[in-house]
Amino acid sequence: MEVLEMTEKEQATSLMDKFIDLQRIKAAEDKDKEVDYQLKTTKAKLEALGIVTENLEIKG
């Protein structure tokens, strides 16, 4: 299995993106709509990298 390492700059960028996403959810007038948007865009990014998200979803 190939080991992929993130540089410190890549880690910082990833955490900044996460922070911004959380701020967007917190500030959203319609939190459910924002969460759905965040899930949709994150799923698209993961699938573009070849990561299947089906098994990651919480069924409730």
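Odds and ends about this structure:
- If the condition is being within 18 Å of ILE20 (Cβ to Cβ) and open to solvent by 100 Å² or more (accessible area, probe 1.4 Å), then the stretch 39-60 contributes LEU39, LYS40, LYS45.
- So MET1, is it of a type in the set (A, V, I, L, M), loosely packed, with under 10 Cβ neighbours inside 10 Å and in a loop (DSSP other than H, G, I, E, B): yes
- Filter result (touching a residue at least 12 places away in the same chain (Cβ under 8 Å) and under 12 Å from the mean Cα position of the chain (by Cα)) within the stretch 13-41: ASP21, GLN38
- You will find that of LYS26, LYS18, the residue that is assigned to a helix (DSSP H, G or I) and surrounded by fewer than 11 Cβ atoms within 10 Å (Cβ to Cβ) is LYS26 and no other.
The values are calculated or read from the model by the stated rules, or taken from the named source; none is laboratory data. From a predicted model like this one, the values you see are computed outputs, not experimental measurements. Please note: Cβ atoms are built from the backbone with ideal geometry, for glycine as well, and neighbour counts cover all protein chains shown. Accessible surface areas use protein heavy atoms only, side chains included; no ligands, DNA or RNA. Shrake-Rupley method; radii C 1.70, N 1.55, O 1.52, S 1.80 Å.
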